[in-house]
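Here the structure is laid out as structure tokens; the discussion comes afterwards.
The values are calculated or read from the model by the stated rules, or taken from the named source; none is laboratory data. All values reported here derive from a predicted model rather than from experimental measurement. FYI the Cβ positions are ideal-geometry reconstructions off the backbone, even for glycines, and counts take in every protein chain you see. The protein model used for the area step is the full one, side chains on, heavy atoms only, and it has no ligands, DNA or RNA in it. Shrake-Rupley method; radii C 1.70, N 1.55, O 1.52, S 1.80 Å.
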Amino acid sequence: MSKEFSKKEIYPSPKASFGFALEAISEIKHEALVVLDANVLLLPFTTNVKNVQAIKELYTRLSKNDQLFLPAQAVREYLDNRAIKITDINEALQKKSNQNFNYVGIHPLLESLAEYKEVIALEESLKTAIKNYQAKIRETLSAVQAWGWNDPVSKMYHEVLADRILDDDALDFDNIEKDLKRRNELNIPPGYKDKNKDQNQAGDLVIWHEILNLAKTKDKHLIFVSVDEKTDWWHQSGKSPLYPRFELVDEFREATKGKSFHIVSLSKLLDIFDTDSEVVKSVKITEEEVKFITDSEIKNSHIQGKASFDPNDEYRKYLKIPVEHGLITTHVKWSVKGGYDTDTYIIAEMDKAGNLVNKYNFFDSTKTSAPFDRELYAEKI
């Protein structure tokens, strides 16, 4: 169908759409299906043990009630990114274990000052403490490296979620490919925001088809749990998600003969099922900290700058990017947290032809107290 008539394709039953009343989550939570996105499966790698235990308890309860499911495509995306989460932990520890500290050092002219003598005495104690600190970090590194694929999050998933993964063999991937083309042409959610991706353009759409197939088979309302806030999933107010796209709600209604569809964050899901408020608050903070920037947002940010080929760029040197590649550095945000003043950047590595080679989240941090040490850290995205 051409774009001139796209609304008819999006809303094939306007009378039913107009009269549809979405069931409140509070009314359907004990019967609705709960489906987890890949980003939600990855989230526990960046939270604490208490939160992981609370998440495990909720997942166990929902699994026993035959409510909890994982799309096969979401599991594939999780498996693709799980190693990155473990690597990030390892690299952060490695960085701290090798961190250099600046000391006052020897200044003969000051040796007659009692204050200076006290500084030197404290410095010796500090050197011993730092040595012990770095030794413990190295021991922690060894323990992390011994995990293999038996880290606490993976073990929890093996125990609770191993039999909750959907089988997508029933899906017609030829039809999904045609559907992807149609949605990209007409900007129909979900997935059209990913049409500029080099890989996995159909990831969101495959998950959507799994969701629809599951809900039709089970004849149930459904709650999709995701950190994704792209505009092809959400109506937004400013840059914050407001409501799930009505096109999705209506397509779900059409496919399931009147059932309701909701999207919530993991912290919201925990809250809905009466998890301890401190856990909910902590998980929400984690969500804000790890909220990713979508590929389309990164692409738009690249337009704002021209690639730099400066061989002396300190970020280039840190990332070990060859001089024949250009960098586009876009400032994302500034924050002060945990004693550090941090600027966050998106850095795009481009070849001479202007093609994207790599993308990085780059963090430039300076301590807010003396001796004002500076730290650089990057993660590939």
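A simple spin-label model places pseudo-atoms 7 Å from Cα toward Cβ; at L242 and T344 they are separated by 2.4 nm. For the chain, a crude dipole built from +1 on the beta carbon of Lys and Arg and -1 on the beta carbon of Asp and Glu, taken about the Cα centre, is about 240 debye to the nearest 20. Site pair A121 and K284 shows an inter-label distance of 4.9 nm when each label is modelled 7 Å from Cα along Cα→Cβ.
Using a 1.4 Å probe, how large is the accessible area of E229, given in Å² and rounded to the nearest 10? Accessible area of E229: about 50 Å².
Across all directions, the average flat footprint of the convex hull enclosing the Cα atoms of the range 48-175 is 12.8 nm². Please report the antiparallel percentage of the DSSP beta bridges confined to the chain, to the nearest 5. Of those bridges, close to 75 percent are antiparallel. If you count Lys pairs in the range 1-74 whose Cα atoms are under 21 Å apart, skipping same-chain pairs closer than 8 places in sequence, the total is 4. Helix 277-290 versus the longest principal axis of the chain: what angle, 0 to 90°, nearest 10, using Cα atoms? Tilt relative to the chain: about 80 degrees. Overall, the accessible surface of the range 116-221 at a probe of 1.4 angstrom is composed of carbon and sulfur to the extent of 49 percent.
A 1.4 Å probe run over the chain, with the rest of the protein chains in place, finds 56 Å² accessible per residue. Averaging the Cα positions of each part gives two centres, and for the range 13-33 and the range 36-85 these lie 26 Å apart.
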